[in-house]
Amino acid sequence: MKMLLIILSLFYMVSCINSISLWPPSPGYYPSKKFRSVSFWRGYRNLWGPQHQKLYQNALTIWLDRTSGSGFKSTRPFRSGYFGTSIKLQQGYTAGVITTFYLSNNEAHPGHHDEVDMEFLGTTFGKPYVLQTNVYIRGSGDGNIIGREMKFHLWFDPTKGFHHYAIFWSPKEIVFLVDDIPIRRYQRKSDATFPLRPMWAYGSIWDASSWATEDGKYKADYRYQPFVGQFTNFKAGGCSAYSSLSCRPVSVSPYRSGGLTRKQYSVMRWVQRHYMFYDYCKDHKTNPSLTPECWLRGRR
């Protein structure tokens, strides 16, 4: 019995060490601290499902049940900028449910729009959430959807507390960040593969049972409703569509011209090695002619 306890103790210590070793290194730069938080009503408004939204002390709760989901939208469109919010996800069975924070111009260009997504794909008991990042350029919704998904697991439990998720979009690049750690960089390698028209920032929760969890294997089960997403610490800074042409794009690194530092880039690659499990550029079922950014020179 004593030997069994020793073995269990050693196993626990090794597990703790492994958990610590799989936490990302410091990125060395923290862009979220460079942008002020704004109150929800100053920067956003309800888009749909107002009866499924509740705002308390600048923390917005939105939920999905059998009758409806809910969504919100920034009050202004932007040409570029940093867009972030802290999110806490629901525990338990959330299969088929998507909680999102994203940029889009779908309402301005229906059927031919641009979109930059951070989507949290719901899950079943005991399995982790999936963070799916995606970029659409001029065409989603018209029957010619070309997705550019990269999927990640997270190094923490996103249901235990708030974590900050952000999208940085400039005329040169898009960077996805989690707690100031860059996890993906999408460069402008051609005008045809990069969103250049103004977009709004959005958040929502909705039923995507047809595809969200293990390609639609598990559906939303409304015995567990309501499904809740909590948002706070809203940040939006950059050049709005109404700014003068002299407005200079912001940056997520110390470099005013954009790009990542060597340390930020190294941490991003570290996260991709340890937590990314799908990269559209490495999916042999996709048509490479539709995603030329995968083989054009330059880092993604």
> Cβ-Cβ below 6 Å, separation at least six or inter-chain, first residue in segment 258-276 and among the charged types (D, E, K, R), second open to solvent by 20 Å² or more (accessible area, probe 1.4 Å): which pairs?
Replying inline: 263/28
> Among the residues of segment 249-285, which ones are over 18 Å from the mean Cα position of the chain (by Cα), under 18 Å from residue 135 (Cβ atoms) and surrounded by fewer than 16 Cβ atoms within 10 Å (Cβ to Cβ)?
Replying inline: 281, 282, 283
> Of the residues in segment 229-242, how many are open to solvent by 40 Å² or more (accessible area, probe 1.4 Å) and either over 25 Å from residue 74 (Cβ atoms) or at pLDDT 95 or above (or both)?
Replying inline: 2
> Limited to segment 124-136, what total is found for residues that are farther than 19 Å from residue 162 by Cβ, surrounded by fewer than 20 Cβ atoms within 10 Å (Cβ to Cβ), in contact (Cβ under 8 Å) with a residue 12 or more places away in the chain and more than 11 Å from the chain's Cα centre (by Cα)?
Replying inline: 2
> Does segment 105-123 contain any residue that is within 26 Å of residue 260 (Cα to Cα), at pLDDT 95 or above, open to solvent by less than 30 Å² (accessible area, probe 1.4 Å) and part of a loop (DSSP other than H, G, I, E, B)?
Replying inline: no
> Hey, among the residues in segment 59-79 that are open to solvent by 50 Å² or more (accessible area, probe 1.4 Å) and touching a residue at least 60 places away in the same chain (Cβ under 8 Å), which one's nearest to residue 99 (Cα to Cα)?
Replying inline: 63
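The values are calculated or read from the model by the stated rules, or taken from the named source; none is laboratory data. It should be emphasised that the depicted structure is a prediction, and the values quoted were computed from it without experimental measurement. Cβ: placed from backbone, ideal geometry, glycine included. Neighbour counts: every protein chain shown. Each accessible area value is taken on the protein alone, full model and side chains, heavy atoms only, with ligands, DNA and RNA left out. Shrake-Rupley method; radii C 1.70, N 1.55, O 1.52, S 1.80 Å.
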